[in-house]
Amino acid sequence: MLIPPEALIDGCMRTLLESVLPDVGSRFARGQLYAVADVLRNLRDRVEPKASLAEAESKSAADALAAAIAALSEAGAGEAAARLRSAAAAAPASAVARAAALESAVTLAFEALEAVPPAAGEAARRALVAHLVQQTLRDVAQLKPSLLNEISKG
């Protein structure tokens, strides 16, 4: 799932200023914390999501949706398949916006599959779940090595 960088930075800012700052005692450390907050505040609107991640996300979601549309059509849920087809076709061309629109369509696909007998929708469910697994792996692959050891030392 692609979380906008602005949301991540806003969360960091909120944590630093609302939770960390009140417990910082020295003037020097408070000054350093304000300097980091200032850098984050200025960085916030200059960061863009990686297009390559959004493109991989879009391709994976589009493939899963195609399988769901086929399975819904075969199961006699033509109306649900048509809604998904329209949602997928309406996804914009820009990588980040396309990924977000296709993710919304994946949610619609899961909802549509609730009305289909389990056996008839099994192939679509497998395709959608495979997309979510790949999405999770892409998300985890972007994480940097943990600093938990340093954090635990204080």
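Per-structure values
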quantity	calculated
Partner aspartates and glutamates for K50 [C-alpha distance under 20 Å; skip if fewer than 8 residues away on the same chain]	E6, D10, E103, D139
GNM result for the chain, Cα springs below 10 Å: residue of L33, L132, L53 fluctuating most strongly	L33
Area projected by the alpha carbon convex hull of the range 5-47, averaged over all directions, nm²	2.6 nm²
Entry for Rg and Dmax of the Cα atoms in Å (calculated from the structure that is shown) out of (i) 21.2, 69; (ii) 16.4, 49; (iii) 21.2, 79	(i)
Computed lengthening from L17 to L143, 0.36 nm per intervening residue step minus Cα-Cα distance	42.9 nm
Loop-located trypsin sites (Lys or Arg not before Pro) in the range 8-51 whose Cβ has at most 16 other Cβ within 10 Å (DSSP)	K50
Residues V36, V140, V106, sorted so that the one with the fewest Cβ neighbours within 10 Å comes first	V140, V36, V106
Contour excess over end-to-end distance, with Cα ends at A93 and A120 and 0.36 nm allotted per residue	6.5 nm
For the range 51-141, alpha-carbon Rg relative to the globular expectation (2.2 N^0.38 Å, N residues)	1.03
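Coordinate-derived values only; no laboratory data. Computed from a predicted structure; not experimentally measured. Glycine also receives a Cβ, built like all others from the backbone with ideal geometry; neighbour counts cover every protein chain displayed.
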